[in-house]
Amino acid sequence: MKLRFLKLLIVPFLLTFGYLMLISYPYFFSKINRYDSLGPLSLVEEKSVNLQKTLSKERRTDQFDNHLLKSEKVSAKLRARENNLGIILVKFIRFGKVSDKAVFRLKEEGKDKWYYEHIYKADQFQDNQYFTFGFPPIINSKNNNYIFEVESLSGTYKNGVGVSLDEPQVAFVYK
């Protein structure tokens, strides 16, 4: 009698526990789960892109130096897979005490004018974490190419940021 009663309790408990684990899997194991607050109608696309770095003329560096020094830029081209592109996430790393400022810019490929440009305090960037660059959603963004860049305004080797070497370095959010 006790064994039968125990089975009646354990089986529903295990089924409920399994169901809860299944539906919570994306929340606990997603690399970008803290952006779930963007709402259930948001689509997040993590992607490895070819980041191009524009270095200052006097800089001598190797391929592993990812510092962004004053007036240096990192940029990439992306193809929007959906409409309503509204956020680009980029992973950074910090070097020393960060008091640098960075300019984020976004434009459609082939256009001269930037669609969005804003200055951010780089001390907000966290090591190997996505930083959110939000802008007014581009309603008809699907299948269009865009270029974004991040430029350091006063970075140094001991006081600045760089783009993380951890892949993927970039993610896009569509509302």
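The values are calculated or read from the model by the stated rules, or taken from the named source; none is laboratory data. The structure displayed is predicted, hence computed values, not measured ones. SASA here: full protein model, heavy atoms, side chains in, ligands and nucleic acids out. Shrake-Rupley method; radii C 1.70, N 1.55, O 1.52, S 1.80 Å.
Computed with a 1.4 Å probe over protein heavy atoms only, the accessible surface of segment 63-104 comes to 45 Å² per residue. Net length available on complete extension from residue 111 to residue 140 is 8.9 nm, with 0.36 nm assigned per residue and the Cα-Cα distance removed. Taken per residue, the accessible surface of segment 130-175 reaches 41 Å², heavy atoms only and a 1.4 Å probe.
Within the set 73/142; 101/142; 91/121; 101/175; 111/175, which residue pairs have Cα atoms separated by over 21 Å? Table pairs above 21 Å Cα-Cα are 73/142; 101/142; 101/175; 111/175.
Order 117, 151, 109 by their accessible area, 1.4 angstrom probe, all chains in place, largest first.
From most exposed to least exposed: 117, 109, 151.
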